[in-house]
1. Return a yes/no flag: does segment 144-164 have any residue that is under 22 Å from Ala236 (Cβ atoms) and open to solvent by 60 Å² or more (accessible area, probe 1.4 Å).
2. Select from segment 262-300 the residues that are among the small types (Gly, Ala, Ser) and open to solvent by less than 20 Å² (accessible area, probe 1.4 Å) and write down the one among them that is nearest to Ala84 (Cα to Cα).
3. The conditions are (1) over 30 Å from Val289 (Cβ atoms); (2) open to solvent by 30 Å² or more (accessible area, probe 1.4 Å); (3) modelled with pLDDT of 95 or more, and Leu126 fails exactly one of them. Which is it?
4. Scan segment 204-252 residue by residue and report those that are modelled with pLDDT under 90, among the hydrophobic types (A, V, I, L, M, F, W, C) and over 16 Å from Thr159 (Cβ atoms).
5. Please go through segment 222-261 and pick out each residue that is free of Cβ contacts under 8 Å to residues at least 24 places away in the same chain and open to solvent by 60 Å² or more (accessible area, probe 1.4 Å).
6. Residues that are within 20 Å of the chain's Cα centre (by Cα) and either among the small types (Gly, Ala, Ser) or under 30 Å from Gly136 (Cα atoms) (or both): find the strands (runs of 3 or more DSSP E) completely inside segment 227-312 holding 1 or more of those.
Amino acid sequence: MANLYSDGKLVVSEILAAEVGLKLAERGFFHNHPAVTYAGMAVGSATMKKDYIDAGAGNLASTAENTAVTPDSYTFTRASVSIAQHRMARSVSDLLRYLTPTGVITDVDAFAADAASSYATTLSSLLITAAQSFSGSVLPSGGSGTALDWATIRDAKATLIANNAQFTDGEVVCVLHPTQFADLEADAASAGIGDAVSRSSEAQQIMAANAPLSGFRGTYFGIDFYTSTDVPTANAGADRSGFMATKGGLIWADALIQPSLANEREILIDGGRLQIDFDRDSSKAMLNVYFQALYGASIAQDGCGVTIVSDA
């Protein structure tokens with residue numbers, strides 16, 4: 001009679017833990033920050049426009065008695081957002097859904113949470129891409145390939161203020177690559193923000209910043225800092241191109257997805273801003289899940305934002 005050993009077919013080689021953790025990935029989002037403007041919902045067109053007027057920015061001229069005044073026309077700046085279809089899909093087999101020890105791929109709510117998080121992360125990525133179109137840009141004094149420091153952050157702030165941008169606490173956002181923010185931490189630790197300021201509570205918080213899944217790193221000197229690995233490279237990969245923007249700098253718009261006419265299995269979230277569509281492929285015993293959203297992002301007023309380019 002044959003002997004049975006522990007490495008035989010009666011003993012499994014691996015056991016999956018009952019809880020599934022989150023794989024490292026970009027899950028940051030800042031699209032709901034006050035510095036980002038929601039332009040509204042497009043209806044009947046794939047383009048959404050928003051006007052900005054120069055009301056309140058005129059000067060009264062000294063005028064002689066009994067002299068006619070020539071009316072000044074209002075001037076406008078128009079921002080345009082192109083709305084596009086954004087989709088992704090998940091696919092799981094019937095056997096896997098049966099064997100999995102968790103609800104991560106069997107629970108409809110889990111798919112909804114996956115879709116909602118992906119929606120927010122994608123929108124923030126679209127805004128980061130749009131911000132690259134700001135014409136203003138600042139670099140550290142050492143130029144391309146130089147680590148980001150607080151002097152450069154001050155330069156970015158000064159640039160926006162010089163453009164008459166509305167620099168109000170809580171309405172300014174700065175999105176950097178994690179490498180860029182790490183350089184700011186190092187600069188704070190070395191008193192690069194000034195000896196007196198480096199002892200402030202804000203400076204200590206900078207060095208102790210611990211971002212949750214939203215990517216928010218804290219508010220320092222009136223600026224809300226976020227990090228995202230979606231911040232692109234610049235100068236042939238030598239740098240990263242983050243940005244700082246005030247209210248009126250970035251804009252986004254969306255459109256509603258209409259309910260299906262084919263009685264398909266679908267879920268419409270937030271009134272139709274996000275669609276989750278279930279499609280069973282019986283020939284392969286697979287369940288395909290599709291996420292869809294219609295939205296886009298753009299810069300609104302060029303003077304309300306500036307890119308921050310520093311060592312990658």
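1. Yes, segment 144-164 has at least one match.
2. Filtering segment 262-300 down to residues among the small types (Gly, Ala, Ser) leaves 262, 271-272, 282-283, 285, 293, 296-298, 300.
The next check asks that each one be open to solvent by less than 20 Å² (accessible area, probe 1.4 Å); those that pass are 272, 293, 296, 300.
Working: Gly272: 15, Ala293: 8, Gly296: 6, Ala300: 18 Å.
So the residue we want is Gly296.
3. Failing condition for Leu126: (1).
4. Applying the first criterion (modelled with pLDDT under 90) to segment 204-252 yields 204-222.
Restricting the remaining residues to those that are among the hydrophobic types (A, V, I, L, M, F, W, C) gives 206-209, 211, 213, 216, 221.
Residues satisfying the conditions are Ile206, Met207, Ala208, Ala209, Ala211, Leu213, Phe216.
5. Of the residues in segment 222-261, the ones free of Cβ contacts under 8 Å to residues at least 24 places away in the same chain are 236, 258-261.
Across segment 222-261, the qualifying residues are Ala236, Gln258, Pro259, Leu261.
6. Values: elements: 239-246, 250-255, 265-269, 274-281, 286-299, 305-311.
Filter on segment 227-312 gives 239-246, 250-255, 286-299, 305-311.
The values are calculated or read from the model by the stated rules, or taken from the named source; none is laboratory data. Predicted, not measured: the structure shown is a model, and the values here were computed from it. Heads up, the Cβs are rebuilt from the backbone with ideal geometry, glycines too, and the neighbour counts pull from every protein chain shown. Heavy atoms of the whole protein, side chains included, go into the accessibility calculation; ligands, DNA and RNA do not. Shrake-Rupley method; radii C 1.70, N 1.55, O 1.52, S 1.80 Å.
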